[in-house]
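J.: First the structure, then my questions, so here it is.
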Amino acid sequence: MSDTDDDAGLGCPVPFSQYDRVVLAHGGGGRATRSLVESLFRAALDSPELREDHDGAIVSLEGPVAITTDGFTVRPLFFPGGDLGALAVHGTVNDLACCGARPELLTVSFVLEEGLALTTLARLVRSMGEAARAVGARVIAGDTKVVERGKGDGVYVSVTGLGRVRRALSPRNVRDGDVVIVSGPVGDHGIAVLVAREDVRLGTEIASDQGEIASLVHELLDEGVALHVARDPTRGGLATVLVEIARTAGVSIVLEEPSVPVRSAVSDACELLGLDPLYVACEGRVVLFVAPEHAERALAIARRFQPDAARIGVVTEGPSGLVLAKNAFGGERVLELLSGEQLPRIC
Ligand code: MG
């Protein structure tokens, strides 16, 4: 855990306990745990279920429900455009939205490293609470464990999300002729985190795109757009998502590479670092597969959320899993799944 993660000046003045840092007793289930839960977690993530103060939450959900779970280990904990807390909520609710579900219920599990400043933790948990409330989701259960100093990296968070499915979106719905749309510039998150972590000097600051895409997906459903599947291009980036969907759907995809929105600062950074922006993670973008007759409308809706949303390709009959990227000069290359890990610990 680096001292730069500490946040002595920005926390709220409420004392969480007699401690100002995480101690092993905070994970022990006794008095220190209780005081942490009540003064910090419950204050930031309040919900009727948490107030029940029980071993688990009891909820009623009717109809098909989507469930997703994700772990978050991003380093550093705070980066331009976001932090671990907001990222953990957005990463989870975005996966629910990609299934066609409304984000409704979340459970969170924290692994804290002994010595973490409680003001840092409070800031992350508040950010998490704000992100959840903004999308209409509530945290209904949680857990905290503490590992010894040097055995963690500040905070790791796991989040599970549940939501009722409005219309099941699946790669298996993808058809020949579907138009592929991306909801905004790609690669901002991966580069923002890498720059924050490695102290790379660039001319322009790049902020992460981390954020929710559930509002866009649900707006498309509200407006009756024939959206076949949505997927957020997180680890492995846009290229990996296209290959995965082409494989599952048993289709080919032609990607018009010059149409893919990439900020000039991101493409410059990628060139400098030897990265391909098509493989760099986003945390607030979504790739949409839409019936061709609805493509213009879908694009117009997406541009209300992000003006750089673009139509980037089309689904074709062809070998299953083949993704061909066409460049501005008529050349082509075959995109593969990301091999290895070009950017570890970005989410
Ligand atoms: Mg996803």
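No value in this document is a laboratory result; all are computed from the given coordinates. Please read all numbers here as calculations on a predicted model, not as lab measurements. Every residue, glycine as well, gets a Cβ built from its backbone with ideal geometry; the counts of neighbours run over all protein chains shown.
J.: Per residue, how big is the convex hull around the C-alpha atoms of segment 201-327? Give it to me in cubic angstrom, could you?
T.: On the way: hull volume 13.9 nm³, N = 127.
Convex hull volume per residue, Cα atoms: 110 Å³.
J.: A follow-up question, please. Taking 8 Å as the Cα distance limit and 6 or more residues as the minimum spacing, I'd like the relative contact order of segment 85-227 as a percentage. Don't skip to the answer; put the middle values down first.
T.: On the way: 203 pairs, mean separation 51.6, N = 143.
Across segment 85-227, relative contact order equals 36 percent.
J.: Related question: Just to verify a number: FRET efficiency for residue 303 and residue 176, C-beta to C-beta distance, R0 = 30 Å, to 0.05? Mind dumping the intermediate values first?
T.: Numbers: r = 26 Å, r/R0 = 0.85.
Taking R0 as 30 Å, the efficiency between residue 303 and residue 176 is 0.70.
J.: How much FRET efficiency would the formula 1/(1 + (r/R0)^6) give for residue 168 and residue 147, where r is the Cβ-Cβ distance and R0 is 41 Å, rounded to 0.05?
T.: Numbers: r = 39 Å, r/R0 = 0.95.
Given R0 = 41 Å and the Cβ-Cβ separation, E is 0.60.
J.: Compute the Rg/Rh shape ratio of segment 24-165: radius of gyration over Kirkwood radius, all on alpha-carbon atoms. Walk me through the numbers on the way to the answer.
T.: Details: Rg = 14.7 Å, Rh = 15.3 Å.
Rg/Rh for segment 24-165 comes to 0.96.
J.: Taking 51 Å as R0, compute the FRET efficiency from the Cβ-Cβ separation of residue 43 and residue 264 and round it to 0.05. Provide the component values of the computation, followed by the final result.
T.: Numbers: r = 42 Å, r/R0 = 0.83.
It comes out at approximately 0.75.
J.: Here is a further query. Projected area of segment 271-347, taken from the Cα convex hull and averaged over every viewing direction, in nm²?
T.: Numbers: hull surface 29.7 nm².
Taking a quarter of the hull surface, the average projection is 7.4 nm².
J.: On to the next question. I'd like to verify something in the chain: which complete DSSP H helices, judged by Cα projection on the helix axis, reach 20 Å or more and average at least -0.5 on the Kyte-Doolittle scale?
T.: On the way: long enough: 84-98 (21 Å, 1.07); 118-134 (24 Å, 0.30).
Answer set is 84-98, 118-134.
J.: Can you give me the relative contact order of the chain as a percent, contacts being Cα pairs under 8 Å and 6 or more apart?
T.: Numbers: 795 pairs, mean separation 75.8, N = 347.
Once divided by the residue count of the chain, the mean separation gives 22 percent.
J.: What translational diffusion coefficient, in µm²/s and rounded to a whole number, does the Stokes-Einstein relation yield for the chain at 37 °C and a viscosity of 0.692 mPa s, taking the hydrodynamic radius as the Kirkwood radius over Cα pairs? Working shown, then result.
T.: Numbers: Rh = 21.0 Å.
Calculated translational D: 156 µm²/s.
J.: Scan around residue 316 for amide H atoms under 5 Å from its own, H built in the peptide plane at 1.01 Å from N, and keep only partners 5 or more places away or cross-chain.
T.: For residue 316, whose amide H was placed from the backbone, the distant partners under 5 Å are 177, 252, 253, 254.
J.: With labels modelled as points extended 7 Å from the Cα through the Cβ direction, what inter-label distance (nm, one decimal) is found for residue 61 paired with residue 327?
T.: 4.6
J.: Tell me, how many Å apart are the Cα centres for segment 27-61 and for segment 146-210?
T.: Going from one Cα centre to the other spans 27 Å.
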